[in-house]
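Trainee: Right, I'll just put the structure down here and ask away after.
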Amino acid sequence: MTPPEAYPGIEFQNVCKRYGRSDDAPLVVDHISFTVPRGTLTTILGPSGCGKTTTLRMIAGLESPTSGRIFIDGQDVTDQDAAQRNVSLVFQSYALFPHLNVIDNVCYGLRVLKLGKQQAREKARAMLDTVGLHGLDLRRPHELSGGQQQRVALARALALEPAVLLFDEPLSNLDARLRRAMREEIRALQQRLRLTVTYVTHDQSEALAVSDQIVVMDKGTIAQRGAPSELYEQPVSEFVAGFMGEAMLFEGLNQAADPAHPGAGNYAQLGPLKVPSPASLALGPVKIAVRPEAWVIGPATSAGLAGRVTKRTYLGSVMEYTFASALGDIFVISPQVQLPLDMGAPVSLTLASHGVSVVAV
């Protein structure tokens with residue numbers, strides 16, 4: 001008999017979700033398959049309406065798939081309801097009981113499982129210590145900060161010792177500074193406890209920061225999945241290239257390698273610049289995705305793409321520029337803050353080896 005550890009934490013096999021009984025009702029989730037390895041964090045990322053929250057709710061047992069199978073630790077849970085699955089969900093709104101203090105909120109699920117009162121409180125205190133809330137047992141939710149309320153919700157979920165922990169936009173109600181701190185805490189906790197986690201967000205930087213794997217969804221399908229660096233540096237489509245970060249998309253032409261330099265490989269022409277392209281990409285029209293940090297600003301010469309400063313913004317650690325060019329306005333982020341360029345200054349723009357991708361139209 002195969003032990004549970006040998007199976008993925010979560011597995012979707014050709015799962016569909018259709019709202020409505022007719023066969024022509026729209027598919028919210030359209031034949032998706034993916035796995036979440038045990039002890040890792042997978043983020044489901046995409047714009048509003050792409051099907052990511054429905055996918056999370058199907059893992060939790062709050063929605064049933066129209067077709068396909070869902071497995072947790074190798075067990076088919078497709079037909080099980082939420083109460084039968086060893087899964088905990090941390091909601092965007094935290095869903096704390098306002099009339100209960102912190103420790104009673106954390107104890108709630110344990111008491112539902114018929115754990116003794118003393119044992120439940122001991123376990124709840126241990127979970128509160130784990131998430132850094134020691135000594136706050138008797139406070140009510142309204143006496144806590146947003147970050148502390150998030151930790152209470154996390155402690156309540158962890159107390160149930162779930163096989164899978166789910167997060168639905170957990171940081172969207174926090175300010176930017178607290179969001180960054182909480183995502184680091186969630187990631188550190190997941191790695192320390194080796195939790196199997198699925199995390200839903202529409203925030204690309206959040207997904208890049210916390211994930212072992214990212215599943216990008218678009219219109220109910222999986223546009224691409226892989227490691228954060230793979231999706232950022234090697235997007236396979238125009239949608240993924242544009243969604244992962246602030247890449248600008250340019251029309252380009254994919255051309256065969258120069259016979260005089262065959263080792264250089266195929267390239268896409270972007271104005272006067274040549275961008276290496278994947279060997280598998282067909283020749284002809286393509287899109288070239290360039291991230292703001294990929295542009296290299298140099299003195300005006302005959303080499304590179306000629307540009308002229310039309311906007312500049314000082315942000316402390318970086319400068320943001322907009323350059324007018326033959327390719328249109330180009331947005332550039334530069335770490336060179338010591339010597340900012342003057343408005344109207346002429347420059348030549350070239351490309352670094354990172355942050356540039358060539359994808360099919």
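Trainee: Calculate, for residue 122 and residue 191, the FRET efficiency according to 1/(1 + (r/R0)^6) with r their C-beta to C-beta distance and R0 30 Å; round to the nearest 0.05.
Mentor: Values: r = 25 Å, r/R0 = 0.84.
My answer for the efficiency is 0.75.
Trainee: Along Cα→Cβ, 7 Å out, is where each label goes; now give me the distance between the ones at residue 145 and residue 69 in nm to one decimal.
Mentor: Each label point is offset 7 Å from its Cα along the Cβ direction, giving 4.8 nm.
Trainee: In whole angstrom, how long is each semi-axis of the equivalent ellipsoid of the range 246-360, when you take the square root of 5 times every eigenvalue of its Cα gyration tensor and sort them from largest down? Present the calculation step by step, with values, prior to reporting the outcome.
Mentor: Details: eigenvalues 157, 39, 29 Å².
The answer is 28, 14, 12 Å, longest axis first.
Trainee: Expressed as an acute angle from 0 to 90° and rounded to the nearest 10, what is the orientation of the C-alpha long axis of helix 176-193 relative to the principal long axis of the chain?
Mentor: Relative to the chain, helix 176-193 is tipped by roughly 60 degrees.
Trainee: Also, I was wondering about something else. For helix 102-112, report the angle its Cα long axis makes with the longest principal axis of the Cα atoms of the chain; keep it between 0 and 90° and round to the nearest 10°.
Mentor: So the helix axis and the longest Cα principal axis differ by about 70 degrees.
Trainee: What FRET efficiency comes out for residue 23 versus residue 318 if R0 is 51 angstrom and r is the Cβ-Cβ distance? Round to the nearest 0.05. Walk me through the numbers on the way to the answer.
Mentor: On the way: r = 52 Å, r/R0 = 1.03.
The pair residue 23/residue 318 has a calculated efficiency of 0.45.
Trainee: Hey, any idea what the orientation-averaged projected area of the convex hull of the range 212-258's Cα atoms comes to, in nm²?
Mentor: Values: hull surface 17.7 nm².
About 4.4 nm², averaged over all directions.
Trainee: Are there trypsin sites (Lys or Arg not before Pro) in the range 76-114 that DSSP marks as loop and that have at most 10 other Cβ atoms within 10 Å, and which are they?
Mentor: Passing sites in the range 76-114 are 114.
Trainee: What does the charge count near residue 191 come to, summing +1 for each Lys or Arg and -1 for each Asp or Glu among other residues with Cβ under 12 Å from its Cβ? Working shown, then result.
Mentor: On the way: positive: 187, 192, 194; negative: 184, 185, 212.
Charge balance near residue 191 sits at 0.
Trainee: On to the next question. Using only Cα atoms, tell me the angle between helix 117-130 and the longest principal axis of the chain; keep it within 0 to 90° and round to the nearest 10.
Mentor: Taking the Cα atoms of the chain, the angle to 117-130 is about 20 degrees.
Trainee: Please give the length that would be gained between residue 343 and residue 80 if that part of the chain were fully extended, namely 0.36 nm times their separation in residues minus their C-alpha to C-alpha distance (nm, one decimal). Spell out each step's value before the answer.
Mentor: On the way: separation 263, 0.36 × 263 = 94.68 nm, distance 6.33 nm.
Stretched out fully, the residue 343 to residue 80 stretch lengthens by 88.4 nm.
Trainee: Moving on. At 222 nm, what helix-only mean residue ellipticity would the chain give, in deg cm²/dmol to the nearest 500, using -39500 (n - 2.57) for each DSSP H run of four or more? Don't skip to the answer; put the middle values down first.
Mentor: Numbers: 8 runs with 85 residues, N = 361.
-7000 deg cm²/dmol, from helical runs alone.
Trainee: Further, regarding this structure: At most 13 other Cβ atoms within 10 Å and a DSSP loop assignment: could you name the trypsin sites (Lys or Arg not before Pro) in the range 179-235 that fit?
Mentor: Values: sites: 179, 180, 183, 187, 192, 194, 219, 225; in loops: 194, 219.
Filter output for the range 179-235: 194.
Trainee: A further question follows. Determine how many Å³ per residue the convex hull of the Cα atoms of the chain encloses. Please report the intermediate quantities before stating the final value.
Mentor: Details: hull volume 68.9 nm³, N = 361.
Hull volume normalised by residue count: 191 Å³.
Every read-out reported here was derived from the displayed coordinates using simple, explicitly stated rules and does not represent laboratory data. Here the structure is a predicted model, which means the values were calculated and not measured. Backbone-built Cβ (ideal geometry, glycine too); neighbour counts: all protein chains shown.
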